[in-house]
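Report on one structure; see the data block that follows.
Derivation of every value follows stated rules applied to the coordinates shown; laboratory data play no part. Because the structure is a prediction, the values reported are computed rather than measured. Because the Cβ atoms are built from the backbone with ideal geometry, glycine has one as well, and the counts that use them run over all protein chains shown.
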Amino acid sequence: MLYLVPSPIGNLKDITLRALEVLKEVDLILAEDTRTSSHLLNHYSISKPLSPYHQHNEHKVLHHLVSQMLEGKKMALLTDAGTPGISDPAFLLVRECIKADIKVECLPGATAFVPALVNSGIPTNRFCFEGFLPLKKGRQTLLKKLAEEERTLIFYESPLRLVKTLEEFITYFGENRSCSISRELTKLFEENKRGTLREVADHFKAKTVKGEIVIIVAGKND
């Protein structure tokens, strides 16, 4: 049995009662970063074996984990923040579990782009989640394609690349395209900045940017 357990994106209270029950019941918790997960587990007095599972070791440990589950172990996969598989490791393990006829269950819970989208003031009925853009290869080709996308666009970005990415959006999408940036969602210094791409870019140029960032951009013609 494999449980995919969403973890809080900031505020530790944003975890479900069911998620806590599952974490208390499983035999092993797979953690993207054991230090981050330990902080959450200690907060709720959960003491379970932890094993690292991240993009740098997932191929190496994949078949060993599947073998253990086939022998009867129950495991939970936790990422640092949000739902496993959304710009975080999970896909390979889920696919192998399905191939091996191991039951997989994903609990509902936190995902950063949902509150960012809902509070953006930009249409939510149709959207396209792109996550992190490629850093080099294929980036310009993708941006040219997305410039014609009519659905609302959703991106994740690091604070160090935010301004550069917004400037690229201005180049490909136009400076008057509506945009909303959500930063540090659910945390003490949460910020939601709305406006045109030019207004938002100028705002973040004038300050030091920190924290996790979600970018919402209106689709073409909105």
Taking the 0 to 90 degree range and rounding to the nearest ten, how far is the long axis of helix 162-173 tilted relative to the main principal axis of the chain, both from C-alpha atoms? 60 degrees
Contour minus end-to-end for L135 and K193, with contour as 0.36 nm per residue of separation and end-to-end as the Cα-Cα distance? 18.5 nm
Using label points projected 7 Å from each Cα along Cα→Cβ, tell me how many nm separate S87 and I46, to one decimal. 2.3 nm
Extending each Cα 7 Å along its Cβ direction at Q68 and K99, get the distance between those two points in nm, one decimal. 1.9 nm
Could you list the chymotrypsin sites (Phe, Trp or Tyr not before Pro) in region 88-135 that lie in coil according to DSSP, counting only those with at most 13 other Cβ atoms within 10 Å of their Cβ? F132
What's the extension gain from N125 to S38 if we count 0.36 nm per residue and subtract their Cα-Cα distance? 27.6 nm
Taking the dipole about the Cα centre of the chain, with the C-beta of Lys and Arg at +1 and of Asp and Glu at -1, give me whichever of S51, A76, A147 is farthest to the positive side. A147
Within a Gaussian network of the chain (alpha carbon springs, distance under 10 Å), most fluctuating of G138, G85, G121: G138
What ranking of Y3, Y44, Y156 emerges when the number of other C-beta atoms within 10 Å of each C-beta is taken as an exposure proxy, fewest first? Y44, Y156, Y3
In which sequence would T141, T124, T208 go, from the one with the fewest C-beta neighbours within 10 Å to the one with the most? T208, T141, T124
Let me know the volume per residue of the alpha-carbon convex hull for region 113-217, in Å³. 87 Å³
Which one, V61, V26, V94, has the greatest fluctuation when you compute a Gaussian network model over the chain with C-alpha springs under 10 angstrom? V61
Kindly provide the pair-distance distribution of the chain built from C-alpha pairs, with 5 Å bins from 0 and whole-percent values in order of increasing distance. 1, 7, 14, 17, 16, 14, 12, 10, 7, 3, 1, 0
At R0 = 41 Å, how high is the FRET efficiency between D80 and N221 if r is their beta carbon distance? Nearest 0.05 is fine. 0.65
In whole percent, what relative contact order does region 161-220 give with Cα contacts below 8 Å and a gap of six or more residues? 39 percent
Cα principal axis extents for region 2-106, largest first, Å: 35, 26, 20
Please go through region 55-131 and write out the trypsin sites (Lys or Arg not before Pro) that DSSP classes as loop and that have at most 11 other C-beta atoms within 10 Å. K103, R126
Only Cα pairs under 8 Å and at least 6 apart count here; give the relative contact order of region 23-93 as a rounded whole percent. 43 percent
